[in-house]
Amino acid sequence: MAYKDFGVVNTRDMFARAMAGGYAVPAFNFYNLETIQAIIQAARTCHSPVILAVSESALAYMGDAMLMAMVSGLGLDGSEPVALHLDHGSSFDACRHAIDLGFSSVMIDASKLDINANIDLSRRVVDYAHAHDVTVEAELGVLSGIEDENTASAYGHYTNPADVVHFVHESGVDSLAIAIGTSHGAYKRQRDDEELRFDILRDIADALPNFPLVLHGASCIPSHLVDIINEYGGCIGGARGIAPDQLRRATSMNVCKINVDSDSRLAFTAAVRRTLGQKPDVFDPRQYLGAARDMITENCIDEIRHIMNSENKY
Ligand code: G3H
Ligand code: 13P
Ligand code: ZN
């Protein structure tokens, strides 16, 4: 089916507005009923554009039909800036499958290939996607963590600004994920004072004026969520994310999309652990899943307001 039948939109207009307004569109990952409900509730409460992100493993977890039924259940009609996005598509077939299902945006993640193979695969996806008015994100550089700098080239795994114009021109992609020190998961930094590579971001933004950049691995790992998890029997000591002020700074430098998954996972887990810890007699899943949904909504609202700066943008 065409994505327009589900009332979602592609990312072209949302990124143009975000670029002009100096804010970022949040891309929140979801994988079940409670997470998609929490994200849309936060976006609607804040009148924020939002990208509903689905990884390949999340798609497999939900199943094609159930996922698209949940998206239908949001009651979108194309008037709200809500995109349905394949996160980290690993192959042409995965992207084509998502587009055929009704996704309005896809990421082809060929960042582990050499640059020419990355361009070739990204171009193939772009040709198919653009024929369906679907937008495409690709990635250049590898997200391997701030501490991992022991590589031969001056840029290591970071995105080399000298490559970006050629890459974007040859691949035809609509947005570019870059590596400037963010990384996936809950253990991103060893020290509080570690900074993203704003020098690299500046050079990329200068080389690609008005072109939407994307940060993956951008969860903040809020300490109050980590504390709840640890207080109620969890063990995730040492979890540390990206400082909110650094993300805000990035939004003023052409970063139009910020990806958050781990923070929602923490919110979900914190609420479940606390509910069950405080009320040992509870065995109705709606009580702890409802608490989880509320906690994710609260965290998404907080990030829309204080990191993305995308509140009241439509
Ligand atoms: O960037 C990756 C996302 O956090 C999705 O991860 O494959 O475990 O759903 P996942
Ligand atoms: P986090 O693990 O920092 O939430 O990153 C999520 C992400 O990049 C999804 O693509
Ligand atoms: Zn990612």
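The values are calculated or read from the model by the stated rules, or taken from the named source; none is laboratory data. Remember, it's a predicted structure, so these values are computed and weren't measured experimentally. For neighbour counting, all protein chains shown are included, and Cβ atoms are generated from backbone atoms with ideal geometry for every residue, glycine included. Accessible surface areas use protein heavy atoms only, side chains included; no ligands, DNA or RNA. Shrake-Rupley method; radii C 1.70, N 1.55, O 1.52, S 1.80 Å.
Tabulated data
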{"read-out": "For the chain: relative contact order, % (alpha-carbon pairs under 8 angstrom, 6 or more apart)", "value": "22 percent"}
{"read-out": "Histogram of C-alpha separations across the chain, 20 Å bin width, %", "value": "34, 59, 7, 0"}
{"read-out": "Column: log10 I(q)/I(0), Debye, Cα scatterers of the stretch 29-82, q = 0.14, 0.17, 0.24 Å⁻¹", "value": "-0.34, -0.50, -0.96"}
{"read-out": "Candidate aspartates and glutamates for bridging to Lys4, where Cα separation is under 18 Å - those fewer than 8 sequence places away on the same chain excluded", "value": "Asp13, Asp64, Asp77, Glu80, Asp100, Asp133"}
{"read-out": "All-pairs alpha carbon distance profile, the stretch 229-308, 5 Å steps from 0, percent", "value": "3, 14, 20, 20, 16, 12, 8, 5, 2, 1, 0"}
{"read-out": "Highest to lowest packing among 237-248, 101-112, scored as the average C-beta count within 10 Å", "value": "101-112, 237-248"}
{"read-out": "When the convex hull of its Cα atoms is projected in every direction, mean area for the stretch 119-263 (nm²)", "value": "10.0 nm²"}
{"read-out": "Candidate aspartates and glutamates - alpha carbon under 15 Å from Lys188, same-chain residues fewer than 8 apart omitted", "value": "Glu147, Asp148, Glu149, Asp261, Asp263"}
{"read-out": "Quarter of the Cα convex hull surface for the stretch 59-144, i.e. its orientation-mean projected area (nm²)", "value": "6.3 nm²"}
{"read-out": "Over the chain: helical MRE at 222 nm, DSSP H runs n ≥ 4 each giving -39500 (n - 2.57), nearest 500", "value": "-14000 deg cm²/dmol"}
{"read-out": "Label-point separation, Asp192 to His224 (7 Å along Cα→Cβ), nm", "value": "1.7 nm"}
{"read-out": "Mean Cβ neighbour count within 10 Å, used as a protection proxy, ranking 27-40, 251-264, 156-169 highest first", "value": "251-264, 27-40, 156-169"}
{"read-out": "Cα convex hull of the stretch 12-114, projected area averaged across orientations, nm²", "value": "7.2 nm²"}
{"read-out": "Å² of accessible area per residue within the chain, as computed with a 1.4 Å probe and no ligands counted", "value": "42 Å²"}
{"read-out": "Relative packing of peptides 191-199, 287-295 - highest average C-beta neighbours within 10 Å first", "value": "287-295, 191-199"}
